[in-house]
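**Student:** Shown below is the structure under consideration.
The values are calculated or read from the model by the stated rules, or taken from the named source; none is laboratory data. Bear in mind that the values here come from a model prediction, so they are computed numbers and not experimental data. Ideal geometry is used to build each Cβ from the backbone, glycine not excepted, and the neighbour counts take in all protein chains shown.
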Amino acid sequence: MSETSVVFIVDDDRAVRESLSLILEVAGWAVEDYASAEAFLDAYQDDRPACLLLDVRMPGMSGLELQKRLAERGVALPIIFISGHADVPTSVSAMRSGALDFLEKPFRKEQLLQRIHEALARAERLHAGQVERRRVLERLAHLTPREREVMALVVAGKSNKEIGRILGTSHRTVDIQRARVMEKMAVNSPQELTALAVRFGLCGAEA
């Protein structure tokens, strides 16, 4: 597990936060705890792999509402709900909205640690994908408008001759622009460029 990974705890019960923090810190994980969903939202930064231990019922914003807010922001944070007042409709709603698990208090320490391990493993994969996407978008941002046009046509399977005809430029100019696209996007072949564009939704992207 990455040393930068963190477990967020959001629970209005201070004793619960302290107990969970102790268990997780002894297990070797970094922990940050918050007394409310609002406090967590204000402080949260999507800059490292993380998972969220989230109480369902809290004063103010509930755990389910926080889950919804995070989804609206596009935050893919693995969530494990914890509750001392579990009911079937609530747990079903949480799981349908993407929660990793729903644990009813009191739960076994071993069960909690296993679910945290699984959640952080998922978070590592998600974070790695996000980092790679940001890097690809940074490369894309360095392309000129004409290079983006050339890239889109290469991804569409057009030959240099066809690209030149479409853009009204010479074959030699297309050769140069295509080479620049490959260099800036850090790929070695049209096949790699196409795979990259498809994977990250770059075809026709202006971002």
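**Student:** Considering only segment 179-194, state which residues are farther than 14 Å from ARG139 by Cβ and in a helix (DSSP H, G or I).
**Tutor:** Matches in segment 179-194: ALA179, PRO190, GLN191, THR194.
**Student:** Between a first residue in segment 127-147 that is acidic (Asp, Glu) and a second residue that is part of a helix (DSSP H, G or I), which pairs have beta carbons less than 7 Å apart while being 6 or more apart in sequence or on different chains?
**Tutor:** Within 7 Å, the pairs are GLU147/GLN177; GLU147/ARG180; GLU147/VAL181.
**Student:** So LYS109 fits all but one of (1) surrounded by 15 or more Cβ atoms within 10 Å (Cβ to Cβ); (2) in contact (Cβ under 8 Å) with a residue 40 or more places away in the chain; (3) assigned by TED's automatic domain parsing to the domain that holds GLN67; what number is the exception?
**Tutor:** (1)
**Student:** Separate question: Name the single residue that is nearest to the chain's Cα centre (by Cα) among those in segment 44-71 being modelled with pLDDT under 90 and acidic (Asp, Glu).
**Tutor:** ASP46
**Student:** Give the residues of segment 16-55 that are over 23 Å from ARG73 (Cα atoms) and either touching a His at 6+ places or on another chain (Cβ under 7 Å) or assigned to a helix (DSSP H, G or I) (or both), sorted by residue number.
**Tutor:** Those that are over 23 Å from ARG73 (Cα atoms) and either touching a His at 6+ places or on another chain (Cβ under 7 Å) or assigned to a helix (DSSP H, G or I) (or both): VAL16, ARG17, GLU18, SER19, LEU20, SER21, LEU22, ILE23, LEU24, GLU25, VAL26.
**Student:** Got at least one residue in segment 83-93 being under 19 Å from VAL6 (Cα atoms) and either surrounded by fewer than 19 Cβ atoms within 10 Å (Cβ to Cβ) or not assigned by TED's automatic domain parsing to the domain that holds ALA195 (or both)?
**Tutor:** no
**Student:** Would you confirm, using the coordinates I've provided, whether GLY98 is on the phi > 0 side of the Ramachandran plot and either at pLDDT 90 or above or surrounded by fewer than 17 Cβ atoms within 10 Å (Cβ to Cβ) (or both)?
**Tutor:** Yes: the conditions hold for GLY98.
Conditions (1) closer than 18 Å to GLN111 by Cα; (2) without any contact (Cβ under 8 Å) to a residue 60 or more places away in the chain; (3) in contact with a helix residue (DSSP H, G or I) (Cβ under 8 Å, 6 or more places away or on another chain), marked per residue:
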site: VAL10; (1), (2), (3): no, yes, yes
site: ARG48; (1), (2), (3): no, no, yes
site: CYS51; (1), (2), (3): yes, no, yes
site: MET58; (1), (2), (3): no, yes, yes
site: LYS68; (1), (2), (3): no, yes, no
site: ALA76; (1), (2), (3): no, yes, yes
